[in-house]
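Chemist: This structure is in structure tokens; I'll ask about it shortly.
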Amino acid sequence: MTQLWMTLARIAVGGMLFFSGLAKLDSLYIFTEAVKSYQLLPEGWAFPVSYVLVSAELILGLTLWLGYQLSGASLLASCLFLTFAGALASVLWRELTFLSCGCENVVFEWLSGSHAPTWAAVFIDGMLAAVSASIAFSRQQGYRLLTFRTHKSG
């Protein structure tokens with residue numbers, strides 16, 4: 001049963017990352033402007049950092065979805081979610097106001113109840129980091145794509 005739950009958690013987290021990355025890739029300029037609005041980076045770093053974040057979401061999402069290199073991918077996904085949580089928390093602490101967190105994830109925005117940064121969004125990122133870390137350190141990481149590959153006998 002643990003295998004099934006880990007598989008479902010891995011696919012859910014991977015799907016969130018992958019489809020969020022696709023949405024951000026489709027509107028990379030808008031996401032870059034959202035990264036700038038956090039006021040955490042020097043002006044010239046916003047685009048390269050945006051590109052790295054989107055690439056990381058796509059790659060980690062796909063690897064989690066397929067079950068490839070799970071320990072490393074899950075650990076990196078956990079770090080990515082903690083980075084997002086820290087950035088959102090810094091916006092809230094500094095009382096910056098803007099309309100969109102740049103999350104570009106329908107499920108995430110539905111769970112947090114807003115497009116703008118909220119403490120609920122920080123909590124959700126923290127929970128996703130915890131789920132990702134539990135996948136990384138679990139003995140049973142769920143079924144993988146290779147699990148279902150047939151082997152020739154004889």
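Chemist: Go through segment 87-106 and report how many residues are within 20 Å of G126 (Cα to Cα) and surrounded by 14 or more Cβ atoms within 10 Å (Cβ to Cβ).
Modeler: Qualifying residue count for the region: 12.
Chemist: Here's a follow-up. Starting from segment 39-56, keep only residues that are closer than 10 Å to G21 by Cα and crowded, with 16+ Cβ neighbours inside 10 Å, then list their pairs with residues that are at pLDDT 95 or above and not acidic (D, E) whose Cβ atoms are within a distance under 6 Å, requiring at least 6 positions of separation or different chains.
Modeler: Between residues of segment 39-56 that are closer than 10 Å to G21 by Cα and crowded, with 16+ Cβ neighbours inside 10 Å and residues that are at pLDDT 95 or above and not acidic (D, E), the close pairs are A56/L80.
Chemist: Yes or no: segment 72-79 includes at least one residue that is surrounded by 17 or more Cβ atoms within 10 Å (Cβ to Cβ) and among the hydroxyl-bearing types (S, T, Y).
Modeler: Taking every residue of segment 72-79 in turn, at least one turns out to be surrounded by 17 or more Cβ atoms within 10 Å (Cβ to Cβ) and among the hydroxyl-bearing types (S, T, Y).
Chemist: Residues of segment 1-37 being free of Cβ contacts under 8 Å to residues at least 60 places away in the same chain and not in a helix (DSSP H, G or I), which ones?
Modeler: The one that is free of Cβ contacts under 8 Å to residues at least 60 places away in the same chain and not in a helix (DSSP H, G or I): M1.
Chemist: Follow-up question, since we're still on this one. Name every residue in segment 107-137 that is under 20 Å from G21 (Cβ atoms), surrounded by 14 or more Cβ atoms within 10 Å (Cβ to Cβ), over 15 Å from the mean Cα position of the chain (by Cα) and at pLDDT below 75, in order of residue number.
Modeler: H115
Chemist: Run Y68 past the list (1) surrounded by 15 or more Cβ atoms within 10 Å (Cβ to Cβ); (2) touching a residue at least 60 places away in the same chain (Cβ under 8 Å); (3) not acidic (D, E) and report the number of the one that doesn't hold.
Modeler: (1)
The values are calculated or read from the model by the stated rules, or taken from the named source; none is laboratory data. As the structure is a computational prediction, the values presented were derived from the model and not from experiment. For neighbour counting, all protein chains shown are included, and Cβ atoms are generated from backbone atoms with ideal geometry for every residue, glycine included.
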